[in-house]
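S.K.: Below is one structure. I have some questions about it.
The values are calculated or read from the model by the stated rules, or taken from the named source; none is laboratory data. Just so it is clear, the model here is predicted, and its values are computed rather than measured. Note that we place each Cβ from the backbone using ideal geometry, even for glycine, and neighbour counts take in every protein chain shown. Just so you know, the surface numbers come from the protein's heavy atoms only, side chains and all, with ligands and any DNA or RNA stripped out. Shrake-Rupley method; radii C 1.70, N 1.55, O 1.52, S 1.80 Å.
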Amino acid sequence: MRSLLVICLLARGAAAQTSSSDARVVVSRREARVTFPRDSARRWGWSSSDTAGAWTYIWAVHTTAIDGASFVQLVVGRADADTVRRFRSLRALVAAGTVIRCGGESWVQVCEERSVGKAAVRDGAVQITLRDSALVAQLFGLRPARAELSFGRPGMTTSWSDSVSVEYVEPRIPSPSDSLLALVAERKRLARKNGQWVTRSISVRPGWAGSDTSWVTIGDTLEIRVSEALCGGDTCAGNWWSPKGDSAIVVGDTTVLGAVPEPPPPRATRRASPGVRILPEETIIASGVPGPIRRIARRPGVSTLHVGGLEPYADTAHVRAAPPNALTRLVVVRPPVARVVIHPRPDTIRAGAEPRFTADVFDAEGGLLTYARADITYPDAARRAHPRRYESDADDLPPGGRRRVVATFRGVADTLTVFVADTAKR
């Protein structure tokens, strides 16, 4: 069965389209019938200016489901090229939609493509009917007292949502047994545990990185640290000096990554004038925070960095797996950056078109610097130039003239001048 990923953008808000007093959720063992508030809109559809809020019509019902993550929604979507569309009625709009089941513990939801129910319009209100008894049992098997209904449409900056009482009718869903409640509690515990993980890695700055390799150039003075982050859902939090321990980072090839020369001794200071006291300089380091190990990239080549003896992670009961206590990372030293090349390189583009500009970075020997990401800016854009790394569309380029696209990496730049045609005059 194929599935698709969607971004859940229905935020709670006070932009209710109508009163929710006529919303109902009626459930039996055989079916669930969800009626949304009457829709008071006079027009249905979208235009190219509807960029705020949801890009689709969505009527959704959320419950405290047995698996803890399922919900059902009626979706009327728009294709990438479908910038303008009008429906003659709410009934025609609903007929173009699909009732799908979605789930997921983060902002990114996984939705099945197959239809799981029917949708219709009754007395000006959208109604979703589910007749799959297994799905009904999944959504309402815990006998939740309330369900949350929500609605979003193109152009709405906030969606409507409200909590509605669930009416249970014959033949009724039985009350959940103790064994079912215990199973759900264990599933929730495992979901929380599997939804959190710890990452440990060796950080090399400045430089750019792949999964287990860092790239630097000759002459870079590197700061090498061990980082640790706790991740859950879509976010991670950590620091650059944890974990602490008596471990040491071992450099594999010291001819590639050599020691940083000792700084020259301080120059003699002049004698203080009578009555003036010169205070000695002191370096203050926060207690318990080890400084980075510093190395200099001396010649092109590859070296390993290895760290062992890291402290075991203390709270393994609440994460997916314990992180490793030893790490290894490759560091590739390349010649200095020599040039940046923007591509594609069109002479003319149309306003609203989206050639996505990228940039390649080459070293002094002509080699491509893998994973090096240039900043791309538009100095002639109407809005303040905002750097985008490696890949950027041309939405910000104003029409009616020649515009510059600039890519920079470590002080080396490439500039492309392109004519942006005004499509309104074509």
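S.K.: From the C-alpha coordinates alone, can you work out the Kirkwood hydrodynamic radius of segment 77-220, in Å?
M.R.: Taking every pair of different Cα atoms in segment 77-220, averaging 1/r and inverting gives 20.6 Å.
S.K.: Report the extension gain between GLU262 and GLU311 in nm, rounded to one decimal, defined as 0.36 nm multiplied by the number of residues separating them, less their alpha carbon distance.
M.R.: Gain on extension, GLU262 to GLU311, equals 14.6 nm.
S.K.: With the Cα gyration tensor of segment 307-347 in hand, give its eigenvalues times 5 under a square root as the equivalent ellipsoid semi-axes, listed largest first in whole angstrom.
M.R.: The answer is 43, 19, 6 Å, longest axis first.
S.K.: May I ask you to give the solvent-accessible area per residue for segment 103-181, in square angstrom, as obtained with a 1.4 angstrom probe?
M.R.: Heavy-atom SASA per residue in segment 103-181 reads 48 Å².
S.K.: Cβ neighbours within 10 Å, averaged per peptide: list 251-258, 332-339 in order, most packed at the top.
M.R.: Listed from highest to lowest mean packing, they are 332-339, 251-258.
S.K.: Per 0.36 nm of contour for each residue apart, how much would the distance between ALA326 and ALA338 grow if the chain were fully extended, relative to their Cα-Cα spacing?
M.R.: 0.7 nm
S.K.: Going by average Cβ density within 10 Å per residue, which order do the peptides 136-143, 31-38, 172-179 take, highest to lowest?
M.R.: Most protected by this proxy first, the peptides run 31-38, 136-143, 172-179.
S.K.: Further question on the same structure: With the crude spin-label approximation of a point 7 Å out along Cα→Cβ, what separation in nm comes out for ASP123 versus THR370?
M.R.: 6.6
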